[in-house]
Amino acid sequence: MAPAIAPVQTSPDFPRETTVVVIGAGIVGLTAALTLAERGIPVVVLEKGRVAGEQSSRNLGWCRKMGRSAPDVPMAVAADQLWAEMPQRVGVDVGYRQAGIMYLARTEAEMEMHRGWMKSVSDLSLDSKLLSASEIDGLVPGGRGQWAGGIFTASDGRAEPTLAPSAIANAAARLGVKIVENCAVRTLSRSAGRVTGVVTERGEIRCSEVLLAAGLWSRKFLANLGISLPTLPLVSSVMRTAPMDGPTEIAVGGPDFSFRKRSDGGYTVTQRGALGAPLLLDHLLIGMRYLHMLRHQRSLLRIHLGKDFLEDIKMPRRWGPRSVSPFERIRTMDPKADEEINAEAIRNLVAAWPIFKDMVVQDVWAGMMDITPDSLPAIGRIDRIPGFTIATGFSGHGFGTGPAAGQLAADLVTNAPPILDPAPYRLERFS
């Protein structure tokens, strides 16, 4: 099951020509399209399924600097300002609230990890601070957990994944962006090596620039062009509660649960210490790149081998412009929520904050994330294909930085001064 998203104004027409084609109607691609349209540049957004049908509407909605690696913090800082400006920019409330985010630690070892992160970003002027157990009780009353301490960033916040991408899409459409759903892009058209358009299942669209913002599908699209992007999938299971009184407006991440207030009055709840890890052929092909991550995060992973592997084996790895692509075979990646993981989340949350014992779960879903070996995205021009730019691999935390990432991608597409230094995100770092 997928969360219900706000309606989007899409185009009934199939344009034959434009200046920029954006592949993928998630928050990054949509923000890039809006930015380009604000600059007077014609744009067509092509989505194989529905706007924001995958991870852009299924994530937790956290907009955080806390916990990000130091090279990624400037993007999160830039996104804060863009989120604050978003209601005026798109004309509706997207649920953005700068209410703060807190991480909890049960042990001194976990606290030491927070202290290490604080040291790694000490020169970045963040407002993050370490908390004692009593300070946690003061900020989030009613708890029964035995905490060694925590870390809190008051300037972090949240927005609504079921509202924000749709609002951005509608604002872009009002500026002339054509958004076409159920239209998969099979490959690029090129002349003398340079992009001249895209080939879709409905025909060709001529253009001079293409931005690939296709999330977990980007690896397959790029591989068909002979370009390697290392990403592996992880699955997060999520619950939405009915409206209820809760302990705080602060989003709280414990070692094995998380909760954050929603604009509809309920809470979004997860088991923060457990992610589904379906084994696929790519684990055999590029799994060695992730050994360092496995050493540190093995306890988080619920590894399983099942029908996902068999379905993946059947999926074509190469195809031509006249062939049915994987993007037409699976319009929306809709993994099943893990009932066991969600049950753990409820038990752990209720043990820590008993007020949640009477919560009513109204909806469950899961989202599949594309994880890079260093958990940083790949954003940049592809030098070997002039006119081709990518913005993908956001590793499960792209919603919060989506507005800044989309603007950075638009800057690179148009050779404008970038909103921030794109160097940490170069695809070439993986080679």
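Its Cα gyration tensor gives the range 179-314 an equivalent ellipsoid. The semi-axes, each the square root of 5 times an eigenvalue, are 36, 24, 14 Å from largest down.
Lysines within cross-link reach of LYS314: Cα-Cα under 29 Å, excluding same-chain residues under 8 positions apart? Within the straight-line limit of under 29 Å, LYS314 reaches these lysines: LYS48, LYS220, LYS336.
Only Cα pairs under 8 Å and 6+ residues apart enter the sum, and on that basis the relative contact order of the range 17-430 stands at 24 percent.
Relative to the longest principal axis of the Cα atoms of the chain, helix 339-352 runs at roughly 40 degrees. Here the accessible area of the chain is 54 percent carbon and sulfur, with a 1.4 angstrom probe and all protein chains present.
With respect to the chain, whose longest principal axis is taken over its alpha-carbon atoms, helix 73-90 is tilted by about 80°. Comparing ASP374, ASP123, ASP338 in a Gaussian network model of the chain (Cα springs below 10 Å), the most mobile by mean-square fluctuation is ASP123. Each of ALA242 and GLU38 was given a label point 7 Å from its Cα along the Cα-to-Cβ line. The distance between the two points is 4.1 nm. Taking the Cα centre of the chain as origin and assigning +1 to Lys and Arg Cβ atoms and -1 to Asp and Glu Cβ atoms, the resulting dipole is close to 1100 debye.
Build a GNM of the chain with springs between Cα atoms under 10 Å apart, and of HIS292, HIS397, HIS114 the one that fluctuates most is HIS292. Could you check the simple spin-label distance between ALA192 and GLU328, using points 7 Å along Cα→Cβ, in nm with one decimal? The modelled label-to-label distance comes out at 3.2 nm.
Taking the chain as a Gaussian network, where each spring joins two C-alpha atoms under 10 Å apart, which residue of ASP127, ASP80, ASP358 fluctuates the most? Among ASP127, ASP80, ASP358, the largest GNM mean-square fluctuation belongs to ASP358. Length gained on full extension, ARG206 to ALA416, computed as 0.36 nm times the residue gap minus the Cα-Cα distance: 73.4 nm.
In the context of the full set of protein chains, the chain has a per residue accessible area of 40 Å² (1.4 Å probe). In degrees between 0 and 90, to the nearest 10, how far off the longest principal axis of the chain does helix 398-413 point, with axes built from Cα atoms? It works out to around 30 degrees.
Rounded to the nearest 5, the antiparallel percentage of DSSP beta bridges internal to the chain is 65%. Straight-line cross-link reach from LYS178 at under 12 Å between alpha-carbon atoms covers these aspartates and glutamates, not counting any fewer than eight positions away in the same chain: ASP13, GLU17, GLU47. Ordering MET111, MET315, ILE419 by Cα displacement along the dipole of the range 17-430 toward the positive end leaves MET315 in first place; charges were set at the Cβ atoms of Lys, Arg (+1) and Asp, Glu (-1).
Relative contact order of the range 6-79: 27 percent, from C-alpha pairs under 8 Å at least 6 residues apart in sequence. With K and R counted +1 and D and E -1, the other residues having a Cβ less than 12 Å from that of ALA223 yield a net charge of +3.
Charged neighbours of ARG295, selected by a Cβ distance under 15 Å, balance to +1 (K, R count +1; D, E count -1). Only helical runs count toward this figure. For the chain, summing -39,500 (n - 2.57) over DSSP H runs of n ≥ 4 and dividing by all residues gives -8500 deg cm²/dmol at 222 nm. A cut-off under 15 angstrom between Cβ atoms defines the neighbours of PRO141, and their net charge, with Lys, Arg +1 and Asp, Glu -1, is -2.
The values are calculated or read from the model by the stated rules, or taken from the named source; none is laboratory data. All values derive from a computational prediction rather than experimental measurement. In this analysis, Cβ positions are derived from the backbone assuming ideal geometry, glycine residues included, and neighbour counts consider all displayed protein chains. Accessible surface areas use protein heavy atoms only, side chains included; no ligands, DNA or RNA. Shrake-Rupley method; radii C 1.70, N 1.55, O 1.52, S 1.80 Å.
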